[in-house]
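Undergrad: Following this message is one structure expressed as structure tokens.
The values are calculated or read from the model by the stated rules, or taken from the named source; none is laboratory data. This structure is a prediction, so every number in the text was calculated from the model and none was measured. Quick reminder, even Gly has a Cβ in these numbers, built from the backbone with ideal geometry, and neighbours come from all protein chains shown. Accessible surface is based on the protein model in full, side chains and every heavy atom, while ligands, DNA and RNA are left aside. Shrake-Rupley method; radii C 1.70, N 1.55, O 1.52, S 1.80 Å.
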Amino acid sequence: MKQESLPYSQPDLFGKYASNCLKGIAIVMLLCHHCFRTSALYSSYDITFLIPERYIVYVAGFCKVCVGMFAFISAYGLTRKMMALPTRPSRALSDSTWNLISSRLVRLLGAFIFVFLLTDLFALFLGPGRLVSKYGALSWKSIQYWLLDMFGLAELLGTPTFLPTYWYYSLAIVIILLIPALYLLREKIGSPAFLALVFVINFTVTFNNDNIYRYILCIAVGVVCARDNVITRIVRLRIRPGDRANGICKCLIYVALLALLVLLRNGALKDALWPVWEAVIPVVLASFGCEFLFRIPGLHQILSFLGVHSGNIFLVHNLFRSVWFGSFTYSFRYPVLIIAVLLAVSLATSIVIEALKRLLHYPALLDFIVRRLHRETDTQDCAVSP
């Protein structure tokens, strides 16, 4: 397969560090969304709003876009990995793609399963009735439900789940399995035709799973942005001579565009164009971050640190927010303080989880599994994409 050269010679500005920073923003948005997207979540608690409550709920509703941000980051990163694989002979591409998919699945599910089992262990002491209420009394059927949940398939197959938060792992698995096919399709027909095709499919084909419908276009945009270095191109774009004038103008444009997208995302076309908002907003936020936010001393270090722990925070925060310690979380009364405390507690838990993994040599176990699944590839005479 003939590879196109990248449209820009500059290195990709949306690398691993920047993607972690964007994850950091996304995880804070996630906590905001889960805590205040509707008054029913906190109506039984005494909450003090320093600004009108409706504005908090409005912003929290918009923060649902954090899911699109995570999906975009995953698609972007996997596409960059695909770009580094040999493209011929076909056997080398096949084996390399298998290695990439199997490695990503093992590490994704490995991280999830560790927290899943730890959570269930605590559930035996903090609330054993929840396990029975979710999966049913101990039986072969309930064990099967539990296993499907443990492997992140509950949402995809419509089976019971211990925690609604786990739904995202079904989407994450789909992303890993889809990206190679989407990437190779993009290589065959080019970015404009590829995006047009996915857009038409998105709005004409009925998906049994709402989350595939909502995020397939976002995933495709992530593929194109990675392959065509779009984030770098946007950041390098100059609209005014002089660094200062150009920076001020672009910052104002970003802010105005984001404000407009917030209004549109929460407006009358929220549901009708949901896939579009989930595809466009992550690109704007990533570009704005790379050009301005991720250069701020102190802020980018904090965001990156949160991004590194975002997976664990995502998995455990609802345990503190609603399952077992909701009264504690909402006892801090003020929305900003509630979110800050929930973030701090979830982050501390994530740090303990990672320490426990190292103590138990869990990363080494995952590395061993990856090596066992790895296929040797013959890269002789292979053309490697940039």
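Undergrad: To the nearest Å, what is the center-to-center distance of segment 278-308 and segment 117-162, using C-alpha atoms only?
TA: Here the two parts' Cα centres lie 36 Å apart.
Undergrad: Could you report the accessible area of T161 in Å², rounded to 10, computed with a 1.4 Å probe on the protein chains as they sit in the structure?
TA: 40 Å²
Undergrad: I want the local charge near E53. Using Cβ-Cβ distances under 14 Å, sum +1 for each Lys or Arg and -1 for each Asp or Glu among the other residues.
TA: Details: positive: R37, R54, R333; negative: D46.
Result for the neighbourhood of E53: +2.
Undergrad: Can I ask one more? Where only protein heavy atoms count, and the probe is 1.4 Å, what is the accessible area per residue for segment 40-105 in Å²?
TA: Details: 2890 Å² over 66 residues.
Per-residue accessible area for segment 40-105 comes out at 44 Å².
Undergrad: Projecting each Cα onto the charge dipole of segment 231-311 (Lys/Arg +1, Asp/Glu -1 at the beta carbon, about the Cα centre), which of V276, I302, G247 comes out farthest on the positive side?
TA: G247
Undergrad: Taking the Cα centre as origin and putting +1 on Lys and Arg beta-carbons and -1 on Asp and Glu beta-carbons, what dipole magnitude results for segment 294-382, to the nearest 20 debye?
TA: Value, rounded to 20: 400 debye.
Undergrad: Which aspartates and glutamates have a Cα less than 13 Å from the Cα of K64, not counting those fewer than 8 places away in the same chain?
TA: Filter leaves D271, E278.
Undergrad: Same structure, new question: Pull up the cross-link candidates among the lysines for K357, meaning alpha carbon to alpha carbon under 25 Å and not fewer than 8 places away within one chain.
TA: K16, K23
Undergrad: D367 to V205: extension gain in nm, 0.36 nm per residue of separation minus the Cα-Cα distance? Mind dumping the intermediate values first?
TA: Numbers: separation 162, 0.36 × 162 = 58.32 nm, distance 3.92 nm.
Length difference between fully extended and current span is 54.4 nm.
Undergrad: Here's another thing I want to ask about it. Return one whole number: the accessible area per residue of segment 219-371 in Å², for a 1.4 Å probe. If you can, show how the numbers build up before the last one.
TA: On the way: 7160 Å² over 153 residues.
Result: 47 Å² of accessible area for each residue.
Undergrad: Using just the helices of the chain, give the 222 nm mean residue ellipticity in deg cm²/dmol: DSSP H runs with n ≥ 4 each add -39,500 (n - 2.57), and the total is spread over all residues, rounded to 500.
TA: Values: 18 runs with 272 residues, N = 386.
For the chain, the value works out to -23000 deg cm²/dmol.
Undergrad: Within segment 282-320, whose backbone N sits under 16 Å from a point 7 Å along Cα→Cβ of K16?
TA: Output list for this probe position: 304-311.
Undergrad: While we're looking at this one, here's another question. With a 1.4 Å probe and all protein chains kept in place, how do W324, W98 rank by accessible area, largest first? Walk me through the numbers on the way to the answer.
TA: Details: W324 60, W98 95 Å².
Ranking W324, W98 by accessible area, largest first, yields W98, W324.
Undergrad: Please list, by residue number, every one of the trypsin sites (Lys or Arg not before Pro) in segment 148-255 that is coil in DSSP and has at most 15 other beta-carbon atoms within 10 Å. Intermediate values should be presented prior to the final figure.
TA: Details: sites: R186, K188, R214, R227, R233, R236, R238, R244, K250; in loops: R238.
Hits after loop and neighbour filter: R238.
Undergrad: Please report, as a whole percent, how much of the solvent-accessible surface of the chain comes from carbon and sulfur atoms (probe radius 1.4 Å). Each step should come with its number before you reach the end.
TA: Values: 12490 of 18660 Å².
The computed percentage sits at 67.
Undergrad: Would you mind putting 360-370, 148-158, 48-58 in packing order, based on average other-beta-carbon counts within 10 Å, highest first?
TA: Packing proxy ranking, top to bottom: 148-158, 360-370, 48-58.
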